[in-house]
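Peer 1: This is the structure I want to talk about, given as structure tokens.
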Amino acid sequence: MSVHTQIKRLTIPQLQAMKGEQKIVSLTSYTAPFARILDEVVDFILVGDSTAMVGYDMPDTLSITVDMMAQHAKAVVSATQRCAVVVDMPFGSFQESPEMAFRHAAKLLRVSGADSVKIEGGEYLAETTRFLVERGIPVLAHIGLMPQYFHTMGGFKAQGLSDEAAERIYQDALAQEAAGAWGIVIEGTAEPLARRISEAVSIPTIGIGASPACDGQVLVAEDIFNLTHGRIPKFAQQFSDVAAVIREGVTAYATGVREGSFPSLDHCFGVKK
Ligand code: KIV
């Protein structure tokens, strides 16, 4: 057996063990420079398919491919050492059959080195979760507002607002737990529902527009750093203004170039001091 340099990342069982002990902190990242900074702070990075909208300016998340997700996840894994990395299975890569889901999930983990996949879907996808978990692929389930179901939901709308709809989402959570999901992302649901789910299941719930009672939180990083195009969602908050810092930097650079103060001879090769 060869000896490898050991990178000590948080493992999926360690994340699970945080339930009831400490809140799990997660943000999305799709690229190495962001991931390197997040790695110092968060417990897991989600390489979300939201990169379709945030990184590529697509109107929804449906057009991103397995190969694109694999490359984003690979960049994030190679730039991180501490946090776990979870990669989204994109639309069309898992819904057809458990076997198809396994092929794509295996490819995502093999190419990127990520620790887990995430799939959007509740009770009716529990069989797929079980199939993946039994074959060694950790699954983070995603229920409630599922952006990949944008067309059937009629847009990005809060879910589970009626008693009947809330009960369906509750059953989704129980089914995913029973199938072996290690955690559940609950997105865009009425507050009491995520609280009820968090109390009922023994695996961590990760909220996004769901409830402070969830065992952890995830947000799209660009939404909290003022890098989102347009309005940020109701459930996000601007924690810093990275856009302002970049704007200041690019303005200073442009001024330097236009006024001739940049580059100076210090930035040139072969200049004898
Ligand atoms: O794709 C994504 O970024 C997500 C979340 C924000 C939960 O699924």
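Peer 1: How do the pairs read when you match residues in the range 8-30 that are within 16 Å of the ligand (Cβ to nearest atom) with residues anywhere that are aromatic (Phe, Trp, Tyr), using Cβ under 8 Å and keeping only pairs 6 or more apart or on different chains?
Peer 2: These pairs meet every condition: 15/44; 15/182; 24/44; 26/44.
Peer 1: I've got another one for you. Which is hydrophobic (A, V, I, L, M, F, W, C), closer than 20 Å to residue 141 by Cα and over 13 Å from the mean Cα position of the chain (by Cα), of 18, 69?
Peer 2: Answer to the selection: 18.
Peer 1: Has the range 196-210 got any residue that is touching a Ser or Thr at 6+ places or on another chain (Cβ under 7 Å) and away from the ligand (no atom under 14 Å from the Cβ)?
Peer 2: Of all residues in the range 196-210, those touching a Ser or Thr at 6+ places or on another chain (Cβ under 7 Å) come to 197-198, 205-206, 210.
Imposing the further condition that a residue be away from the ligand (no atom under 14 Å from the Cβ) reduces the set to 197-198.
Yes - at least one qualifying residue is present in the range 196-210.
Peer 1: Restricting attention to the range 43-72, report how many residues are surrounded by fewer than 22 Cβ atoms within 10 Å (Cβ to Cβ), among the acidic types (Asp, Glu) and in contact with a Pro (Cβ under 8 Å, 6 or more places away or on another chain).
Peer 2: The qualifying residues number 1.
Peer 1: Out of all the residues in the range 23-39, is one or more among the small types (Gly, Ala, Ser), within 13 Å of the chain's Cα centre (by Cα) and in a helix (DSSP H, G or I)?
Peer 2: yes
Peer 1: Within the group 240, 264, 211, which residue is in contact with an Asp or Glu (Cβ under 8 Å, 6 or more places away or on another chain) and either more than 26 Å from residue 29 (Cα to Cα) or among the small types (Gly, Ala, Ser) (or both)?
Peer 2: Answer to the check: 211.
Peer 1: So, one more: Out of 141, 166, which single residue is of a type in the set (A, V, I, L, M) and under 21 Å from the mean Cα position of the chain (by Cα)?
Peer 2: That would be 141, the only listed residue that is of a type in the set (A, V, I, L, M) and under 21 Å from the mean Cα position of the chain (by Cα).
Peer 1: Which residues, taken from the range 52-68, are away from the ligand (no atom under 12 Å from the Cβ), assigned to a loop (DSSP other than H, G, I, E, B) and of a type in the set (D, E, K, R)?
Peer 2: Result: 57, single match.
Peer 1: Determine whether the range 105-121 contains at least one residue that is over 19 Å from residue 74 (Cα atoms) and outside any loop (DSSP other than H, G, I, E, B).
Peer 2: Yes: one or more hits.
Peer 1: Quick test of your reading of the structure: residue 90 fulfils all but one of (1) part of a helix (DSSP H, G or I); (2) more than 24 Å from residue 196 (Cβ to Cβ); (3) at pLDDT 95 or above. Name the failing condition by number.
Peer 2: (1)
Peer 1: Residues of the range 100-126 being over 18 Å from the mean Cα position of the chain (by Cα) and within 16 Å of the ligand (Cβ to nearest atom), which ones?
Peer 2: Hit for the range 100-126 is 125, nothing else.
Peer 1: Mind checking which residues of the range 191-224 are surrounded by 19 or more Cβ atoms within 10 Å (Cβ to Cβ) and in a loop (DSSP other than H, G, I, E, B)?
Peer 2: Passing the criteria: 201, 203, 204, 209, 210, 211, 214, 215, 220.
Peer 1: Then there's this: Just to verify a result, which residue in the range 136-146, among those that are surrounded by 22 or more Cβ atoms within 10 Å (Cβ to Cβ) and not hydrophobic (A, V, I, L, M, F, W, C), is farthest from the ligand (Cβ to nearest atom)?
Peer 2: 138
Peer 1: When you go through 230, 155, 160 one by one, which is the residue that is on the phi > 0 side of the Ramachandran plot, of a type outside the set (Lys, Arg) and more than 21 Å from the chain's Cα centre (by Cα)?
Peer 2: Going through 230, 155, 160 in turn, the sole match is 160.
The values are calculated or read from the model by the stated rules, or taken from the named source; none is laboratory data. The structure displayed is predicted, hence computed values, not measured ones. Glycine gets a Cβ as well: all are built from the backbone with ideal geometry, and neighbour counts include every protein chain shown.
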